[in-house]
Each structure stands twice: as structure tokens, then as C-alpha cells.
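Take a look at the structure below.
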Amino acid sequence: MSHNVRESNILLCGSSRVGKSTLINAICQENLSNSNQSLNSDTKTIEQYSFESSFNNSIHKTIFWDTPGIESWNEDDIHNYMDSLIEKIHPICMIYCASPGSFALLNHLVWIINECHKKNIFCALVCTNMWSGRNRQIVIDEFCRILNNVHPQIKSIKEDGIIYYDNVALVTMVNSIEYIDEDFNVNKSQSGIDELIYGIGKCLQRDFMFAWLRTVSHNKSFWKNMSSKLNILFQIPYEKFNNLYQHTESFLDYLFGFDDYQCITNTNTNDTDESIFLDAEMIEKPEDSNKSKLKFIVKSIELSVQLSDVLVKLGAAGVNVAKSETTNEQEIIVTAKFDDDERLMAVYDLCQIINHGQVNCTIVD
């Protein structure tokens, strides 16, 4: 069976032993596998942390790219490395980690931020292991000083413990795992991870945002704890978002796999940018609430079969597949009947969420 493989790449920078692997495990709620790779014959060895998520016939792979020892490189090394790596992987964002116990004020961070800015790569500067030393505020202050120098035109804004520099960068501190100091009877739980995930997501452009959210699709605590903010990010009422979350058994799997099922191909757009999601024509939702069916239009028999199977799993009482009566012989209509109105609306809202307003489906008789 063939699989549709999607890949998300994320730059990971910072010194060794600052908790980078612990941070990304906390973000993804996965134990990521580690491997090494040479970018090319002229550059340093790169460590890769990766994991795969599968749903239906789709696989989503996330790779974090990290170069050990980058803090000791000179400016030319960093420029060459960043240029080559960004050209190869087209990363969603760059996460830079430093901790209170091992932070050094080095110019290499300025060079990295400048290179990311040239390539329009969003930067998240994270103070990890925030309880491991007294210098966590010094780390934050230094991050802000560097960003203020690189982006003097941007006025920072603080929200939920995160300092935002528009949609260019953010600064925050996290505790990736429980911190215990028995000598001083100190116990600090994991903190700041959900806010970091949300902060990065809301700053990314649409396609990168959904790729980032696929990366955290297994982090159930994030989806639960940040639901009130996510419904705003997805631009739907909280009641509908909560209804969707509660009534869709495999919510996360279908949220990030459903884009493989195409609803109405968009032929009226001038946007030529390649999208992670299939673009679609907007359709007006009928005002009549006494409807019991959802109608989808797909472009192949294979997609109609896959879509029918998904709709049944999502609670459809029956699914009908028929050729379109229009002149377009390639169009196939999939109609799903629901006995539960709340479940129908949950599936309808699902289509809205995953395409962030770019996909709509019609409730019909």
C-alpha cells in the first residue's frame, strides 16, 4: 500500500547539555530517535532527532536538525552551514536553547538570528532548565538584547510569559521535565511547554503553522490545556471547538490527516504558492439547520473511497458515492448522512479547522 509522506523540518541550535533533546521530547510527547548525517563534504556532522506519525494512508515525519559544537564555529562556518541547511530542508522555524547553568554570551547567536531573518525563518529563543540556576533572567535579558539589536524597529510584547517580536521571534523560559532539588526541598513541575508550542504556532504563516501543529499531534495535554486559545487561532467559536474535540473519537488523527481528502478544487485563485493543504473553493453554508447530510466533491475514485471510510469512522450512518451531474466527469460527490446533529456539526467544523478557512463543505438535504 502506498503512503502519502509529509515531512516537517525544524532547526535546533544551542550548546550541548542544555536540554535540547528533553525539550523536543516534551514538545512532541515522543521519544525521538537520534541519528547523524553529514550535510555535505565541506560541513560539520549534523545530529537528527526524528519521529513519524501515521494516520490512514498518510505518514507525517518530523525532523529536528542540530549541529553539535556550533557555538565554537566562526562566522563563515555558521553562514555556510545555515545557507546549506536551509536550502536543503526549508525549516518551519529555528529553536535556540540555552540554560542558566551553561549559557555563554557569544556572537554566534547574533549570526544565527541574522541568517534566519534573511531566510524568513521564525526564531524561538528558549531558556531551558529554568530552575537549574539563578541566571535564568540573565539568559532572557541577553536574548532580548540581541533581538533588540537585530530588530530595532520591532517593539516587543509580553503575553503569557512569552516575549514576542511580531511574527519574527519570541523569547521564553521552560521547565521541560519535573525539577527536584532534594537538598532544598524544591519540586517544580513541567511548565512553559504548552505556551511555547502555541506561541510558535500562532506566529507562523498558515502552511507552516499546520505543519508545526502536526508535529505536536500526539501532545494531548497541549490540545486540552490550550483549547481556549486554539479555538481563537482556528477562528471558530469555543463551543464548536469543544464539541468537535469531544465528539470525534480520533480527533487528532483526522485533524492532521483529513487534508488528503480533497473537497472542491480551487480554480479561481491566483495564489501559486505550494500549500501543505489542498486549496479549495469556498462554499456558503446553508442557513437551514434542519439538514442531516454533508456533501463533499472529490477528484478521484480512490479519494472517494478513502473519504467514505473516514466519514463512517467519524460517525456517519451512511455514505453515498456518485458521479457529478456537472460537465466535469472527474468530479465525484460523496454524501454522508448523520443521525446525530452534534456529530454532523463536529465533522463540518473539522473541515473548517484543518484548512483555516480555505475549505468548506455544504450541509444539504
Can you give me the distance in nm between label points at residue 179 and residue 114, each placed 7 Å from the Cα along the Cα-to-Cβ direction? 3.3 nm
I'd like the distance separating the alpha-carbon centroids of segment 123-160 and segment 77-101, in whole Å. 18 Å
Cα→Cβ-extended label distance, 7 Å offset, between residue 309 and residue 189, nm: 4.0 nm
In nm, to one decimal, how far is the residue 32 label point from the residue 59 one, both placed 7 Å along Cα→Cβ? 1.8 nm
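For segment 117-215, what class follows from the C-alpha gyration tensor (a ≥ b ≥ c being the square roots of its eigenvalues): rounded when a/c is under 1.5, otherwise prolate if a/b is larger than b/c, else oblate?
On the way: a/c = 2.87, a/b = 1.50, b/c = 1.92.
Since a/c reaches 1.5 but b/c is at least a/b, the shape of segment 117-215 is classed as oblate.
How much length is gained on full extension from residue 141 to residue 107, taking 0.36 nm per residue of separation minus their Cα-Cα distance? Intermediate values should be presented prior to the final figure.
Values: separation 34, 0.36 × 34 = 12.24 nm, distance 1.51 nm.
Extending this stretch completely gives an extra 10.7 nm.
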In this model, which of 299/337; 88/158; 158/224; 118/224; 88/224; 119/158 are farther than 32 Å apart at the alpha-carbon? 88/158; 118/224; 88/224
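As an exercise, identify the trypsin sites (Lys or Arg not before Pro) in segment 127-161 lying in DSSP coil whose Cβ has no more than 16 other Cβ atoms within 10 Å. Mind showing how you got there, number by number?
Details: sites: 134, 136, 145, 155, 158; in loops: 134, 155.
Filter output for segment 127-161: 134, 155.
Taking all protein chains in place and a 1.4 Å probe, what share, in percent, of the accessible surface of segment 4-227 do carbon and sulfur account for?
Details: 4230 of 9970 Å².
Of the solvent-accessible surface of segment 4-227, carbon and sulfur hold 42 percent.
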What FRET efficiency, computed as 1/(1 + (r/R0)^6) with R0 = 35 Å and r the Cβ-Cβ distance, is obtained for residue 321 and residue 90, rounded to the nearest 0.05? 0.45
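Given axes a ≥ b ≥ c from the Cα gyration tensor, I'd like to know whether segment 4-227 is rounded (a/c under 1.5), prolate (a/b larger than b/c) or oblate. Could the numbers behind the result be given before it?
On the way: a/c = 1.30, a/b = 1.05, b/c = 1.24.
Taking the square roots of the gyration eigenvalues as a ≥ b ≥ c, segment 4-227 is rounded.
Over segment 4-227, average the accessible area per residue using a 1.4 Å probe and give it in Å², no decimals. Display every interim value, and only then the final one.
On the way: 9970 Å² over 224 residues.
On a per-residue basis, segment 4-227 sits at 45 Å².
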In segment 114-141, whose amide N lies under 16 Å from the spot 7 Å out along Cα-to-Cβ of residue 221? List them in ranges. 129-131
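The values are calculated or read from the model by the stated rules, or taken from the named source; none is laboratory data. Keep in mind the model is a prediction, meaning the values are calculated, not measured. Here the Cβ is made from the backbone with ideal geometry for all residues, glycine too, and neighbour counts use every protein chain on show. For accessibility, only protein heavy atoms count, side chains too; no ligands or nucleic acids. Shrake-Rupley method; radii C 1.70, N 1.55, O 1.52, S 1.80 Å.
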